[in-house]
């Protein structure tokens, strides 16, 4: 890093010193100066001789005595000497004018480069990146050193949402939710439109408030939802908020939206599903006519899905299974997500997989299954996806069995 600072300072020094160096190396300027100096010297001598002749004429005519003549002649000679020295001194001063500033400017330049680079440069950024790349596991001492480096970097220059987020994640790992919320708040000062950061900030505030929806939590959550309405953290918190307000259908809707981007065999999806089942039970207790839980036992659609041997699978790819109304709206009534590398031999879809309490599998006359292998792992369809659809089918006593093969 020191070498970089020296190089920057040397390049800048060239531009600072160039006017001084150029003036001294300009031969034509030096020649012109010598010519001017010579002209002035000759003019002074000519003036001296003219005055001397005038004094001699005055002495010869008797206007002045010998003593006065000698006195004036001495004064005239001294004036010639003074004028000649003044011209030479002026020329010498002009040729060296400002050179004494050059070493001072050079020193000031090096100091300015050093201070500016430490404040605005990427010296600590590079050091932090190197430590992140070389960090093995979660060694406490190494993590502590890394955190100290990040804090020092932010003390010098706080304009980095990335480093504030690193500190926040570190605090979350220690369970210091209030501290994490402060760090997320600092990060948002430099990335105020980042929906993911707003979601993390709302979650940290929620845990810091002992899982209570305070005014600060609600405000942060509303901002996050406005910027990232499909963020899983935001949807999860919105579901909890609706659940605590006994708005079970709303809670289910939020949690099912959060499930859409998760692997149904993963712990996150299962945790959301537990909340959905609990909401259905409570809604059924409050209003038996809602029928949120009754369908779960009567509707069962089994799909035997096989992947063709010619399909080339990549890590992170997911398979989206959706049941839609045949000939109706394309919005899925129920859906599940699986990892392409861990696809179960038999997929079972029940009413618990419905995306909205307002639309039930048992209320639709004809259904159709759509299976999509995402090329990118995203819930958003793309041109490289592989899709297979079933023929329309009807439920018989709430059940159906189908088989599909997903080919290249």
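Quick notes on this structure:
- Filter pass, residue 324 being without any contact (Cβ under 8 Å) to a residue 40 or more places away in the chain, farther than 20 Å from residue 265 by Cα and not in a loop (DSSP other than H, G, I, E, B): no
- On inspection, residue 309 qualifies as outside the structural domain of residue 253 (by TED's automatic domain parsing) and surrounded by fewer than 19 Cβ atoms within 10 Å (Cβ to Cβ).
- Residue check for residue 358: modelled with pLDDT under 95 and either touching a helix residue (DSSP H, G or I) at 6+ places or on another chain (Cβ under 9 Å) or part of a strand (DSSP E or B) (or both): yes
- Under the condition of being surrounded by 15 or more Cβ atoms within 10 Å (Cβ to Cβ) and modelled with pLDDT of 90 or more, the residues counted in the stretch 365-384 number 7.
- Flag for residue 236 being touching a strand residue (DSSP E or B) at 6+ places or on another chain (Cβ under 9 Å) and either under 22 Å from residue 360 (Cα atoms) or not assigned by TED's automatic domain parsing to the domain that holds residue 317 (or both): no
- The requirement of being in a loop (DSSP other than H, G, I, E, B) and either more than 38 Å from the chain's Cα centre (by Cα) or in the same structural domain as residue 263 (by TED's automatic domain parsing) (or both) is fulfilled nowhere in the stretch 371-378; no residue meets it.
- Condition check for residue 153: assigned to a helix (DSSP H, G or I), more than 30 Å from residue 379 (Cα to Cα) and in contact (Cβ under 8 Å) with a residue 24 or more places away in the chain: yes
- Selection status of residue 191, more than 25 Å from the chain's Cα centre (by Cα) and either outside the structural domain of residue 335 (by TED's automatic domain parsing) or at pLDDT below 95 (or both): no
The values are calculated or read from the model by the stated rules, or taken from the named source; none is laboratory data. Note that the structure is predicted; figures quoted are calculated from it, not measured. Positions of Cβ are generated from backbone atoms using ideal geometry, with glycine treated the same way; all protein chains shown enter the neighbour counts.
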